[in-house]
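These notes concern the structure reproduced below.
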Amino acid sequence: MRNIVEALLKLSGGSAIATTIDDISREANTIRHVVLENLKALEERGVLTVINDNLVIIHDRISLALHGIRHGLDIEKVARYLDWRDFEQFSALCFEANEYDVLRNVVFTYNNRRYEIDIVAFKKPRIVCIDCKHWGLRKGKRSQLKKASIVHKERVMAFGEVIKHNPRKYGLSSWRYAFLYPIIVTLHEEPISMCEGLPIVPIFKLNSFLQSLDAWSDSISYLHVRIHEDDPPWLKHMK
């Protein structure tokens, strides 16, 4: 299965969403009927569609990647086949399924500096700010993760100032206050962890994390913003 999944990820990269069973068979070095048998199993999961036992349409590359990891594909190898669009699409769907309003690629300026947040999700009084990292946590990545956590926290603090002074731009005119949660979503098959007070959430656990955010709220960093008031936003650090 893992050779077939890797072939699917490789052949569906970029703007391509379709391939053929013959191409998959050659790329995976696997005979055609075995490829077709495995594709039918993936089709039952909603990951792809097989047309006339030949054309293959890929619908969900993130689920395909996670399926490959669970069948022994190397995480770092999988990550090379994914891009930020795959992560953002899946993350946005998780938030929408949990009744959040979602904005993607939010660009703003604060103190003459340009910032961008991959995903900002709103559900009163919470605003969840996501930084998508399409790498795992192999050796050498921990230092990158620490740096990314610090930078993302600064990014969210700047966004807190922006929404405080211009809430109408983000549909927050009726909000009296907001809690902003900076979160990093990444590709790894490990438990949810913490870095610099920020949750590091495996993408396949994002939905369950959102459903249990109340339980996490006392142990993670968040920014408390009083909208329409002069009090500066303040950051609550992890205990």
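Observations
- Each Lys and Arg Cβ is given +1 and each Asp and Glu Cβ -1; about its Cα centre, the chain then shows a dipole of about 780 debye.
- Between segment 65-114 and segment 143-157, the alpha-carbon center distance in angstrom: 17 Å
- Relative contact order of segment 2-81: 35 percent, from C-alpha pairs under 8 Å at least 6 residues apart in sequence.
- Value of Rg to Rh for segment 84-236, rounded to two decimals, is 0.94; Kirkwood radius and Rg both from alpha-carbon coordinates.
Values in this text are rule-based calculations from the coordinates and carry no lab data. Everything numeric here is computed off the predicted structure, so don't read it as measured data. When we count neighbours, we look across all protein chains shown, and the Cβ atoms used for this are built from the backbone with ideal geometry, even at glycine.
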